[in-house]
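Reading through the structure tokens given below for one structure.
The values are calculated or read from the model by the stated rules, or taken from the named source; none is laboratory data. All values derive from a computational prediction rather than experimental measurement. Note that each Cβ is placed from the backbone with ideal geometry, even for glycine, and that neighbours are counted across all protein chains shown.
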Amino acid sequence: MTSEELKSHIRVVPDFPVKGIMFQDITTLLKDKDCLKELLDRLYAQYKDKGISKVIGIESRGYILGGALAARLGAGFIMARKPGKLPAETISETYAKEYGTDSLEIHKDAISEEDVCLIHDDLLATGGTTAACLRLVQKFHPKQVYVSFLIDLVDCPRAADYSSGAEVFSVLEVIENPK
């Protein structure tokens, strides 16, 4: 399956969640079993030889393929969650949003210095959430950190350094507002 065929399964919803946004709805991509398999196959091919020991999924759509990828790689899966959602002691990282701030948390015992980590999320837009998750994971001082996305909205202005030296991979590159 080609990248163009995969992209044809993405539903674009104009003016969601606010006017001027062309929302890339991946539910139509994920509901197709062949597309779902292709996305997972591409992620696995990218990371199968990197020694990944932990996959960190960013709440909540990073969990969808993050958990499946972790299982396929023989790695553990860690949830990066909003505050107050994890039951044990956590480490957190706060980040700026358009209006106010938010935080992500990971259990304090989730990652060791021996781990090779892969942060996964569904979509790269401004990079703010990913940058916060990367800073959070780096607090654990793992050997290596990679970052992956299903979709990179290549024409979206980046508000944050979402890579900070980490190797970044996106399965698909999408132009949000084609001319």
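Which one of these does Ile91 not meet: (1) modelled with pLDDT of 95 or more; (2) aliphatic (A, V, I, L, M); (3) part of a loop (DSSP other than H, G, I, E, B); (4) surrounded by fewer than 17 Cβ atoms within 10 Å (Cβ to Cβ)?
All conditions are met except number (3).
When only residues in segment 131-161 that are polar (S, T, N, Q) and in contact with a Ser or Thr (Cβ under 8 Å, 6 or more places away or on another chain) count, which is farthest from Glu59 (Cα to Cα)?
Gln138
Somewhere in segment 108-122, is a residue within 21 Å of Val18 (Cβ to Cβ) and in a strand (DSSP E or B)?
In the first step, residues of segment 108-122 are kept if they are within 21 Å of Val18 (Cβ to Cβ); the result is 121-122.
From the residues that got through so far, the ones that are in a strand (DSSP E or B) too are 121-122.
Yes, the conditions are met somewhere in segment 108-122.
If you scan segment 102-126, which residues turn out to be surrounded by 24 or more Cβ atoms within 10 Å (Cβ to Cβ) and either at pLDDT below 95 or small (Gly, Ala, Ser) (or both)?
Leu124
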